[in-house]
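*Asks:* Please find one structure pasted underneath; my questions will follow.
The values are calculated or read from the model by the stated rules, or taken from the named source; none is laboratory data. Because the structure is a prediction, the values reported are computed rather than measured. Positions of Cβ are generated from backbone atoms using ideal geometry, with glycine treated the same way; all protein chains shown enter the neighbour counts. Calculation scope for accessible area: heavy atoms of the full protein, side chains included, ligands and nucleic acids excluded. Shrake-Rupley method; radii C 1.70, N 1.55, O 1.52, S 1.80 Å.
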Amino acid sequence: MTHFQITLLFLIGAQLCAGEEIRGKVLDPARAAVPRAWVRLYLPNGVETRKTQATSEGDFVFDRLAAGEYMLEANAPGLSGVALARAGSALELLLEVERLAQHVVVTASATPLTVDATAKALDVIDYGEIERRAEYSVAEVLRQIPGMRVQQLGGPGSFTRVHTRGLRSFDTALLIDGFRMRDSASPQGDATAFLGDLLVVNPARIEVLRGSGSSLYGTHAIAGVVHLVTEQGGGPLHGEVSAEGGGLGMFRGVARLGGGAWRQRLQFSGGVAHLNVTGGVDGDDRARNTSGQGFVQLRLTPRSRLSMRLYASDAFSGLNSTPFAAPAQNLPSGVVPAIPLPPDQVALAEAGKPFRWGSATFAPSLNDPDSRRLGRFVSGLLGFTEELRGGDAVRLSYQRLGTSRDNRDGPGGVRFPPQFNNSALFDGRIDNAQARVDKRWGRQLLTAGYEFEREVFENVSRDENPDRSQRIYARTGIRQRSHSAFAQDQIRLMEGRLLISLSGRWQGFQLSKPVFEGAAPHYDKEAIASPPAAYTGDVAVAYLPRGTGTKLRAHAGNGYRAPALYERFGTFFFFGEFSPLGDPRLAPERSVAVDGGIDQYWAGSRVRTSATWFYTSLNHVIAFGALQLGQDPFGRFSGYKNTQGGLARGVELSGEAAVARNTRVQASYTYTRAQERTALFAGGLLVSPRIPNHMGTALFTQRLGKRFEWTVDVAVAGESMTPIFGGMGTRAFAFGGLKKADLAASYMVPFNDRHSLQLFTRVDNFLNQTWYEDGFRVPKALAVGGMRWLF
């Protein structure tokens with residue numbers, strides 16, 4: 001190699017490693033250095049971040065940066081702060097005490113903003129709060145969100161629903177790092193089937209958008225969006241290993257590791273969690289779950305980044321029978337008070353012996369020893385980002401998501417058990433590719449992009465009849481593609497006090513010819529067409545009067561949900577026979593949502609209050625119900641059909657206060673009135689199922705000294721109506737609402753600056769309350785204890 005070639009390679013390498021830097025010092029309110037504070041830098045126009053830890057003198061540096069403005073967020077125990085800095089500058093990052101923490105979020109606009117700079121109703125739960133509350137599942141974390149109802153039908157690992165603002169569970173979209181997480185083989189094509197499998201593994205934070213998000217995130221974002229953001233690592237090598245165990249035969253182990261290499265050009269983070277429940281609510285509700293979540297990012301140049309993320313789960317859970325109504329003579333006319341069958345009579349029923357109903361109106365979920373569910377998902381994301389001059393950027397991303405649910409049952413149990421062991425396997429796959437451009441133009445940030453999605457549905461049902469000639473086998477295979485174009489304009493006027501966001505999305509669908517094998521219904525009596533195209537739009541406006549600590553905001557948008565593949569071609573297997581449930585002719589769901597509110601800071605930003613009014617109209621929906629005999633071309637007597645939707649409106653009130661440096665208090669109250677245009681209950685009752693009129697939450701956190709911390713987490717809800725089939729139709733059973741109070745406490749034993757041992761305990765439902773979710777009994781008081789090694 002010649003001297004010229006060596007020099008040229010040296011210059012090219014130097015150019016690749018070149019770039020500007022941001023240097024700073026983290027200071028407390030007395031302007032003293034804050035040692036070893038974590039500092040996070042948000043890269044413009046993207047969800048990627050960089051993280052480092054300040055030195056013992058409070059100094060930090062981010063190097064190899066492209067020119068432009070960046071947002072920084074720093075945190076230390078009892079302190080937090082957010083600042084803007086340009087590449088090539090130095091700053092003092094002043095942390096504030098006795099004030100409410102600012103959070104940087106991406107869900108409201110798909111770009112980094114502080115919560116106060118968004119025009120939508122948004123909540124953030126960072127990993128620090130999750131750890132203080134000692135939560136093990138994502139669903140439990142969400143209980144503190146205003147307007148959000150979490151239903152867990154049993155103990156750990158059981159089926160879980162989330163209802164946002166009085167709407168259905170599948171009206172809330174789930175995102176992982178900006179991309180949809182959903183099961184294309186589930187009845188509504190959403191993520192609800194896997195919500196109970198989402199353990200707290202390696203999140204940086206969870207963001208929740210309340211209100212329509214379809215124009216940004218597409219299908220299922222009618223009521224809101226839950227966005228799980230993966231920790232992206234960076235800084236010195238750090239991590240934790242923890243183990244805990246306690247009631248219900250529960251054990252959980254977690255390991256997390258993060259850091260950076262090659263002078264932080266490579267940053268990584270990963271975690272693995274294992275949950276094992278050997279007893280459960282009735283002593284035979286076993287559950288196991290092993291989950292992993294990891295992220296790697298490589299900075300190729302100061303302007304280009306390549307990132308990869310993997311999130312996977314393998315879960316098993318024992319299932320019980322569905323709750324059922326008492327005989328008709330036990331059921332009064334109108335709304336039925338939910339009175340459970342006494343435990344001694346439940347034991348007789350589970351043993352197959354005669355039992356007495358007494359005054360009971362329903363039997364809770366009876367144990368079914370050989371009914372179980374196996375669920376798996378793997379989500380992989382590959383992304384490339386190139387920053388252009390002037391803060392512009394191009395982003396290319398590809399996600400592949402595979403889901404699998406195998407529902408197995410056998411002749412055990414007492415409620416309509418099958419004659420032989422059987423399996424209903426539902427496999428889904430979604431490939432998603434996205435190209436996106438962000439362009440800064442004066443005080444506007446323009447975003448435009450294209451998205452391709454391909455989804456696959458596979459359903460195989462079989463049994464284990466000893467007579468091989470009589471064995472059941474049926475397979476349905478469906479493939480659908482869609483193309484989307486989306487755009488967004490974020491405008492800041494009046495020195496940043498007026499915020500305007502406009503967005504729109506178009507999505508078209510192409511359905512391939514379905515494949516049917518064996519005994520599955522073929523749906524060949526009607527022409528099969530692709531769903532019509534979707535058009536969604538969204539506008540949000542916020543105004544911040546100067547010097548008042550006030551934000552006035554308004555948000556309106558329309559939503560759209562294409563018929564799920566199961567809703568169009570699904571089947572039901574019962575006692576050796578297949579029945580069609582779907583309708584290939586289904587039209588899509590459409591909705592309109594409006595909300596408005598005010599956020600106000602008080603007492604030098606130590607207190608924040610918020611009030612929001614919301615209204616959502618489900619204009620056209622897909623529902624499951626009875627059909628007129630002889631009128632359906634597929635011979636169905638019940639199944640999916642188009643009908644009128646319902647209305648949900650209400651008020652969300654919330655408050656948060658930093659009482660002192662080490663004390664935080666949060667509380668919320670939600671009033672919701674949700675009604676259907678077409679009755680779902682016998683007798684014409686128009687109330688929406690499972691939606692209470694009143695809900696409330698409270699969270700109290702206090703740190704005593706530098707080592708001890710405790711948290712009380714409270715969630716309450718009023719009465720709601722659950723549909724249970726009884727008598728001559730689906731009756732409305734009135735179930736009392738939950739009254740759940742959890743306590744978590746921890747004690748830190750430091751060994752040096754880098755190593756410490758944390759002892760912790762958590763008591764769920766420490767008031768030992770009893771209640772039922774849809775007739776499923778939930779755990780009473782449950783205590784666990786454990787330890788965590790941090791380094």
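*Asks:* Give me the net charge for the shell around F700: Cβ to Cβ below 13 angstrom, other residues only, Lys and Arg +1, Asp and Glu -1.
*Replies:* -1
*Asks:* Add -39500 (n - 2.57) for each DSSP H run of 4 or more in the chain, then divide by its residues: what number comes out at 222 nm, to the nearest 500 deg cm²/dmol?
*Replies:* Helix-only estimate at 222 nm: -1500 deg cm²/dmol.
*Asks:* Roughly what percent of Cα-Cα pairs across the range 147-189 reach past 13 Å?
*Replies:* When all Cα pairs of the range 147-189 are counted, 63 percent exceed 13 Å.
*Asks:* Over what distance in Å are the Cα centres of the range 748-766 and the range 165-179 separated?
*Replies:* 33 Å
*Asks:* Would you mind calculating the relative contact order of the range 123-271 from Cα pairs under 8 angstrom and at least 6 residues apart, reporting the percent as a whole number? Could you put the intermediate results ahead of the total?
*Replies:* Working: 298 pairs, mean separation 29.6, N = 149.
Normalised by residue count, the contact order of the range 123-271 is 20 percent.
*Asks:* A further question on this structure: If you put +1 on each Lys and Arg Cβ and -1 on each Asp and Glu Cβ, how big is the dipole of the range 471-514 around its Cα centre, in Debye rounded to 20?
*Replies:* Using Cβ point charges on Lys, Arg, Asp and Glu, the range 471-514 gives about 520 debye.
*Asks:* So how strong a dipole does the range 380-485 carry about its Cα centre when Lys and Arg Cβ are +1 and Asp and Glu Cβ are -1, to the nearest 20 debye?
*Replies:* Working: 18 positive and 15 negative charges, 46 e Å.
Dipole size: approximately 220 debye.
*Asks:* Pull out the extension gain between L552 and A626, defined as 0.36 nm times the separation in residues minus the alpha carbon to alpha carbon distance; nm, one decimal.
*Replies:* 22.1 nm
*Asks:* Cα centroids of the range 601-658 and the range 244-282: how far apart, whole angstrom?
*Replies:* Cα centroid to Cα centroid, the span is 34 Å.
*Asks:* Among G81, Y70, L95, whose Cα sits farthest toward the positive end of the charge dipole of the range 56-97 (+1 at Cβ of Lys/Arg, -1 at Cβ of Asp/Glu, about the Cα centre)?
*Replies:* Y70
*Asks:* Sticking with this structure for a sec: Using the Cα centre of the range 595-710 as the reference point, and only Cβ charges (+1 on K/R, -1 on D/E), how large is the resulting charge dipole? Debye, rounded to the nearest 20. If you can, show how the numbers build up before the last one.
*Replies:* Numbers: 13 positive and 7 negative charges, 104 e Å.
Using Cβ point charges on Lys, Arg, Asp and Glu, the range 595-710 gives about 500 debye.
*Asks:* Express in whole angstrom the spacing between the alpha-carbon centres of the range 360-410 and the range 687-716.
*Replies:* If you average the Cα positions of each part, the centres end up 27 Å apart.
*Asks:* Among all lysine pairs in the chain that are eight or more places apart or on different chains, how many have alpha carbons less than 25 angstrom apart?
*Replies:* Here the count comes out as 10.
*Asks:* Near Y543, within a Cβ-to-Cβ distance under 10 Å, what is the net charge of the other residues, with Lys and Arg +1 and Asp and Glu -1? Let's see the in-between values first.
*Replies:* Working: positive: R497, K551, R553; negative: none.
Result for the local shell: +3.
*Asks:* Dividing the alpha-carbon Rg of the range 223-371 by 2.2 N^0.38 Å yields what?
*Replies:* So the Cα radius of gyration is 1.67 times the expected 2.2 N^0.38 Å.
*Asks:* Starting at the first residue of the range 72-81, write each ³J(HN,Hα) from the Karplus equation 6.51 cos²θ - 1.76 cosθ + 1.60 with θ = phi - 60°, in whole Hz, x for Gly and Pro.
*Replies:* 10, 9, 10, 9, 8, x, x, 9, 7, x
*Asks:* Based on the Cβ-Cβ distance of D59 and L653, what FRET efficiency does E = 1/(1 + (r/R0)^6) give at R0 = 51 Å, to the nearest 0.05?
*Replies:* The calculated FRET efficiency here is 0.75.
*Asks:* Once phi is turned into θ = phi - 60°, what whole-Hz ³J(HN,Hα) does the Karplus curve with 6.51, -1.76 and 1.60 give for every residue of the range 776-791, x standing for Gly and Pro?
*Replies:* Karplus values, whole Hz, x for Gly and Pro: 8, 6, 9, x, 7, 4, 9, 10, 9, x, x, 9, 9, 9, 10, 9.
*Asks:* How much accessible area does E709 have with a 1.4 Å probe, in Å² rounded to the nearest 10?
*Replies:* 30 Å²
*Asks:* Also, I was wondering about something else. So for the chain, averaging the separation of alpha carbon pairs under 8 Å that are six or more residues apart and normalising by length, what relative contact order in percent results?
*Replies:* Contact order relative to length: 11 percent.
*Asks:* Name the residues whose placed amide hydrogens come within less than 5 Å of the amide hydrogen of T571, ignoring near sequence neighbours (fewer than 5 apart) on the same chain.
*Replies:* L581
*Asks:* Taking 8 Å as the Cα distance limit and 6 or more residues as the minimum spacing, I'd like the relative contact order of the range 543-668 as a percentage.
*Replies:* After rounding, I find 22 percent.
*Asks:* So if I restrict to the alpha-carbon atoms in the range 329-451, what is the Rg, and what is Dmax, the biggest pairwise distance, in Å?
*Replies:* Both quantities, over Cα of the range 329-451: 27.3, 78 Å.
*Asks:* I would also like to ask the following. Using the Kirkwood formula on the Cα atoms of the range 694-791, what hydrodynamic radius do you get, in angstrom to one decimal? Walk me through the intermediate numbers first.
*Replies:* Values: mean 1/r = 0.0617 Å⁻¹.
About 16.2 Å for the range 694-791.
*Asks:* By how many nm would the segment from M787 to H483 lengthen if fully extended, with 0.36 nm per residue of separation less the alpha-carbon distance?
*Replies:* On the way: separation 304, 0.36 × 304 = 109.44 nm, distance 4.88 nm.
Length gained between M787 and H483: 104.6 nm.
*Asks:* What accessible area per residue, rounded to a whole number of Å², is obtained for the range 118-224 using a probe radius of 1.4 Å?
*Replies:* Ligands and nucleic acids excluded, the figure is 14 Å² per residue.
*Asks:* So what does I500 come to for accessible area, using a 1.4 Å probe and Å² rounded to 10?
*Replies:* I500 has an accessible surface of roughly 40 Å² with all protein chains in place.
*Asks:* In addition: How would D123, D282 line up by accessible area, probe 1.4 Å, largest first? Intermediate values should be presented prior to the final figure.
*Replies:* Working: D123 30, D282 55 Å².
From most exposed to least exposed: D282, D123.
*Asks:* Leaving out ligands, DNA and RNA but keeping every protein chain, what accessible area does T447 have, in Å² rounded to the nearest 10, with a 1.4 Å probe?
*Replies:* Here the accessible area works out near 10 Å².
*Asks:* Ignoring ligands, DNA and RNA, what percent of the 1.4 Å accessible area of the chain is carbon and sulfur? Walk me through the intermediate numbers first.
*Replies:* Values: 18790 of 31680 Å².
Answer for the chain: carbon and sulfur cover 59 percent of the accessible area.
*Asks:* Would you please calculate the Kirkwood hydrodynamic radius of the range 220-298 over all C-alpha pairs and express it in Å, rounded to one decimal?
*Replies:* On the way: mean 1/r = 0.0670 Å⁻¹.
After inverting the pairwise mean of 1/r, the radius is 14.9 Å.
*Asks:* I need the phi-derived Karplus couplings for the range 455-464: 6.51 cos²θ - 1.76 cosθ + 1.60, θ = phi - 60°, integer Hz, Gly and Pro marked x.
*Replies:* 10, 10, 10, 10, 10, 10, 10, 8, 10, 10
*Asks:* Right, next: How large is the Kirkwood hydrodynamic radius of the chain, counting all unique pairs of alpha carbons, in Å?
*Replies:* Mean inverse Cα-Cα distance, inverted, gives 27.8 Å.
*Asks:* While we're here: For the range 388-442, what is one quarter of the convex hull surface built on the Cα atoms, given in nm²?
*Replies:* About 6.9 nm², averaged over all directions.
*Asks:* Identify, among G375, A351, P323, the residue whose Cα sits farthest towards the positive end of the charge dipole of the range 317-455, taking +1 on the Cβ of Lys and Arg and -1 on the Cβ of Asp and Glu, with the dipole about the Cα centre.
*Replies:* Positive-most Cα among the choices belongs to G375.
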